[in-house]
1. Being more than 15 Å from the chain's Cα centre (by Cα), within 22 Å of residue 163 (Cα to Cα) and exposed (fewer than 14 other Cβ atoms within 10 Å of the Cβ), is that true of even one residue in segment 54-65?
2. Looking at 197, 152, 168, can you tell me which residue is in contact (Cβ under 8 Å) with a residue 24 or more places away in the chain and touching a strand residue (DSSP E or B) at 6+ places or on another chain (Cβ under 6 Å)?
3. Among the numbered criteria (1) under 23 Å from residue 109 (Cβ atoms); (2) exposed (fewer than 13 other Cβ atoms within 10 Å of the Cβ); (3) without any contact (Cβ under 8 Å) to a residue 24 or more places away in the chain, which single criterion is violated by residue 140?
4. Being in contact (Cβ under 8 Å) with a residue 12 or more places away in the chain, closer than 23 Å to residue 172 by Cα and crowded, with 16+ Cβ neighbours inside 10 Å is the filter here; which residues of segment 102-114 pass it?
C-alpha cells in the first residue's frame with residue numbers, strides 16, 4: 001500500500017484557498033482513478049484507488065493544517081507504510097505558480113503541515129511541491145495562502161490537478177523523475193508559461 005496525502009484545511013470556507021491545493025490535487029487523483037467513496041478514517045477523509053499496479057490510500061487530513069501529522073502517522077502505522085512510500089502534496093510559496101517539483105526529505109520551509117508530519121514520522125517522506133508563487137512581502141504571506149485562488153488562477157490549478165492525476169501511477173510506482181517530467185510537459189503543452197500562470201498581479205516568480 002502506498003500513501004498519497006493532500007494537505008489543506010477542512011471545510012467549505014477553505015476549499016478554494018491557495019493553502020488547499022494539495023487537497024485539490026489528491027481529489028483529482030481519486031476522480032481520475034475511480035477511487036472508493038471518501039470515508040472518515042485516520043482523523044481524515046480516506047479513499048483507496050489502484051494507480052497502475054499499485055494500491056494507494058489517498059488521504060486528506062481533517063485535523064487542520066498545523067496538526068496534519070496526527071492523521072498521516074495514524075494511516076502510516078495502520079498499514080505499516082514506510083516513509084519512502086509516502087508522498088505529500090502541498091502548496092509551495094517559493095515555486096512559481098503552476099510549477100511542480102518533487103523531492104525526498106529536506107527542510108519544511110516554514111510550512112506547518114510539513115512540520116507536523118516531520119514531527120510525527122521523521123523527515124524522509126516524499127514532498128510534491130505545488131507552486132503558488134509568493135506575494136513578494138513576508139507580511140502578506142498569511143493572507144495570501146489563506147486567500148482564494150482567483151477564477152483565472154483556477155484554470156491552471158485545474159490543469160495541474162489533472163496532469164498530476166494522469167501521472168499518478170508514476171508517483172505511486174516511485175518513478176519521481178518521470179512523474180515530475182510528465183507533469184511539466186503536460187503543463188507546457190497546455191501553454192502554461194510562468195508569466196501566464198502568474199498573471200498581471202502575480203507575485204515573485206521563483207523556480
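1. The answer is yes, given that some residue of segment 54-65 is more than 15 Å from the chain's Cα centre (by Cα), within 22 Å of residue 163 (Cα to Cα) and exposed (fewer than 14 other Cβ atoms within 10 Å of the Cβ).
2. That would be 168, the only listed residue that is in contact (Cβ under 8 Å) with a residue 24 or more places away in the chain and touching a strand residue (DSSP E or B) at 6+ places or on another chain (Cβ under 6 Å).
3. The number of the failed condition is (2).
4. 102, 113, 114
Values quoted throughout were computed directly from the atomic coordinates according to the rules given, and no laboratory measurement underlies them. Just so you know, these numbers come straight off a predicted model, no measurement behind them. Because the Cβ atoms are built from the backbone with ideal geometry, glycine has one as well, and the counts that use them run over all protein chains shown.
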